[in-house]
Every structure is written in C-alpha cells, then in structure tokens.
1. Looking at the stretch 339-370, which of the residues that are farther than 19 Å from residue 319 by Cβ and in contact with a Lys or Arg (Cβ under 9 Å, 6 or more places away or on another chain) is most open to solvent (accessible area, probe 1.4 Å)?
2. Among what's in the stretch 218-242 and is in contact (Cβ under 8 Å) with a residue 60 or more places away in the chain, closer than 18 Å to residue 265 by Cα and among the polar types (S, T, N, Q), pick the residue that is most open to solvent (accessible area, probe 1.4 Å).
3. Checking residue 120 against (1) under 20 Å from the mean Cα position of the chain (by Cα); (2) assigned to a strand (DSSP E or B); (3) farther than 30 Å from residue 279 by Cα, which test does it fail?
4. Just to be sure I understand the filter: pairs with C-beta atoms under 8 Å, separated by 6 or more residues or on different chains, first member in the stretch 271-292 and farther than 19 Å from residue 361 by Cβ and touching a residue at least 24 places away in the same chain (Cβ under 8 Å), second member aliphatic (A, V, I, L, M) and in a loop (DSSP other than H, G, I, E, B). Which pairs pass?
5. Can residue 347 be described as touching a residue at least 12 places away in the same chain (Cβ under 8 Å), under 22 Å from residue 202 (Cα atoms) and among the acidic types (Asp, Glu)?
6. Would you tally the residues in the stretch 22-62 being open to solvent by 10 Å² or more (accessible area, probe 1.4 Å) and among the hydroxyl-bearing types (Ser, Thr, Tyr)?
7. For the stretch 246-270, which residues satisfy the criterion of being under 18 Å from residue 233 (Cβ atoms) and free of Cβ contacts under 8 Å to residues at least 24 places away in the same chain?
8. Residues that are small (Gly, Ala, Ser), within 13 Å of the chain's Cα centre (by Cα) and over 30 Å from residue 179 (Cβ atoms): does the stretch 19-27 have at least one?
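The values are calculated or read from the model by the stated rules, or taken from the named source; none is laboratory data. Remember, it's a predicted structure, so these values are computed and weren't measured experimentally. Here the Cβ positions follow ideal geometry from the backbone for every residue, glycine too, while neighbour counts run over all protein chains shown. For the accessible areas, the whole protein counts, side chains as well, though only heavy atoms, and no ligand, DNA or RNA atoms are used. Shrake-Rupley method; radii C 1.70, N 1.55, O 1.52, S 1.80 Å.
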Amino acid sequence: MVLAVIVTGLEAQSIRDEIRNNLRCSAGNYMAYPVPAQLRLTKAPAGKQPFYISHYGRYGSRYNNWPHDYSTPYQTLAKADSLGKLTDLGKDVLHRLVLIRQEADEKYGELTILGALQQHLIIKRMVERFPEVFTDNSTVDARSTTLLRCYLTMENAMVQLSRMRPNVNIHHNATHRDMYFLNQMDRHLLTTKMDSATTARYKAFSRHLENNSRLMQSLFNDTAYIHQHVNIEELNASLFKIASNLQSMDVSHQMTLYDLYTDDEIYRNWERENAWWYINYGFCTLNGGKQPYSQRNLLRKIINDADSCIQMACPNVQLRFGHETVLLPLVCLLEINNFGLATDDLDALDRKGWAAYKIIPMAANIQFVFYRESPDDKDVLFKVLLNENEVRLPLKSIDAPYYHWRDFRNYYLKKLDAYVE
C-alpha cells in the first residue's frame, strides 16, 4: 500500500504539471536553457580524478529562422485591423508583434544576447566543476558546424574559457570536413521520417488537438471573417512559435504571448510539437524505429576520440558545437534515462516522460566526463551529464552515475555494428 501511494505520487508529477508550473517548458526545443537542476554532482569513487571531457552542444538561444515566422501573424492581424475586425486584445497583440518584429529584423536565425551568455555560463560551470581537466598542460580541441550561429556559439565558449584559463592550449575550427560527424545527413532515414502512413497518423493525432475557436474569438470580433479570411491553424501555430521563442529575446522583459492561451491550449500545442520531434528523431516505431541511427557517425567518433585521448598523459577536452537535430537522436541512441523509448502510441509520450524540452532546450549539451587515478590506470570510469545533470545509461553501474568505459564502448559498438544501413 505504501509503494502504491509512492508510485501514484510520482505519476502525478506529469509533464502537464511541469508545463503548468513553468510555461517555458511548453516551448520544447525553443525553451531557453534552464539553470542545471543538479547543483552538487556525485563524488567520484576514491582515488579517481577527472582527466578528459568529450562534449556535444547545441547552439544557444536564437531568433526564429525566417522572416515569415514573424510576418505571417503580423500581416494577418494588420489586415484585420485595417478592416476593423480586431478586438481590443487583438489590437494589443498586433502592437506586441510590431515590437517583436523590430528586434528580430535582419537577425533571423542569429544568436540572441542570451544565446551568447548561455555559452559563457556553461563553460564557466564546466571549468569550475572539473578544474583538474583545465590545467596549463591541457589541450582543448573545439569543432563547430559551418552554420554561423554554431560558430559563434563556439567562439563565445572559447572567449569564456580563455578568460578563466589563459594558458590552456586551444584549437578551434569550423570546416566542411567535420560535417560527416557533426551533422550527419542520412538520405534514407530522411526519406522515411514522415512516410505517407506516418504522416497520416500524425495528422490524425494533431487534428484532435486543434481547437482554436476560443483563441480566434478573443482576437477577432467577427466570426464570419474568421472562417472566410483567417487560416486558423496557421495563425495559432505561428503565434505559439513566437510565444515559445520570446523567452530568448530581449523584448521578453516587456511582454509575453502566453497570456493568449489557457493552460489546456498551451499543453495541446506542446503535445503536437513534441510528437513531431519524437517521430522525426526518436525511436518511434511508426516509421521503423531507426531514426536515432542517423547519428551513428558521431557516436563512433566520440568512442574513437575517447580511446585516443585516454592514452595521453595530459588532460584533454573535446568540444563539438552543432544542432538539436543531432543531439536529440544521439541522446535517444544512447538510451539515456527514458529517452530510448520505442512506441507507436503518441498519446503515451507524456505518461512515459518523453519530452523534447528535457533534451534539447536552446544551448543543450551532453558531456562525457572521464576519471582515472593516473595515466597508468587502465580502469577508466566515466559519467554522462545531459544539460549538466547526471543521467542513467542502460549499463551496469559500479557506483551510479559512474560506469566503466570498456562496458560503454563494448555495448555501443555492438549496437552500431548490428545496424544495417
């Protein structure tokens, strides 16, 4: 009976509750990087010291990618306003969109000020948590994809590192030569993400979540005008996208768009987007359950680089900067926590705890931290931090969250070798 009460209490802490308590979570991949929940890390086994860090990080907070992300809802409301079809709330939202567009103008897809700051803070915590890895003898190798916001993310991290450890030997680069592992593109898996059957299933799933009549009636004063001249689903999606990413912009200190929605509407918008991320990058069985293997090159690279760096006497750090479309499938491929979930039940994602905002907020990152007693110590241990919090792997742990490196490489190399392209 006691166990039943405990389990019931745990289940009550649903994603719906998390979103209700923190609306920013509903933004999914647009969620601005949260302060790590785990302030104190688990002490390493006796005698073991950190000596190597292997990392992959997403770019920091950015503006929406395209002008139409901002212009579509603005033009819809501006046209209605010119015809006298907006409510007082609709006019207020139009004014907010004007200010939002002004900040984002000609900055589409670029890092925001917050996006740069996130990298400074992440690197600062990394150095403070693992000072043994950042010595005058250390070498830091940083690689970025060729996209400008990824490169600038790396540069902000390097600026912070140089301030804290000016004598560390830093190499950094952004070249197409590294794209095969920093941002692998698998044509076959790309074509199967949303095949006809999966697309139909997703559309049916989304359809039962679309109930935007209350929102539209709060913005427009003419029901007939709404049905004749407003693309309801498009307007809701574009407004919610701006509402989600507003937390990464300076103008967020002046306004929000979450006030347009009820708690239930916010949850349903999250649910639709979260299912899309799961289908496209998780082990969703609707399209074959193979999408995370799109990042097999990166996982092999992480393993091979670690094997090399373990042989070196001096501390080393490898920092890789790229995209959420790489980090999410990598986390699923590693089966971290419950993110290796394989199902065709899109309604079960909340219940199973699969949420994109837990994996790929802006500036999301994964850190492999390696430990040993000395360069002669062959019993290398490591742990994994996802967004700077310790996580579980599907391996036998000697002392959670620490694992033997040999167990990791054996398990995942077999997994990769078993995948047929």
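1. 344
2. Selected residue: 231.
3. All conditions pass for residue 120, except number (2).
4. Listed by first residue and then by second, the contacts come to 279/194; 283/341; 283/342; 284/342; 285/342; 287/194; 289/342.
5. Working: touching a residue at least 12 places away in the same chain (Cβ under 8 Å): yes; under 22 Å from residue 202 (Cα atoms): yes; among the acidic types (Asp, Glu): yes.
Yes, satisfied.
6. Matching residues across the stretch 22-62 total 3.
7. Filtering the stretch 246-270 down to residues under 18 Å from residue 233 (Cβ atoms) leaves 257, 260-262, 264-270.
The answer is 264, and nothing else.
8. First, the residues of the stretch 19-27 that are small (Gly, Ala, Ser): 26-27.
Those still in the list that are within 13 Å of the chain's Cα centre (by Cα) too: 26-27.
Still in the list and also over 30 Å from residue 179 (Cβ atoms): 26.
Yes, the stretch 19-27 contains a residue that is small (Gly, Ala, Ser), within 13 Å of the chain's Cα centre (by Cα) and over 30 Å from residue 179 (Cβ atoms).
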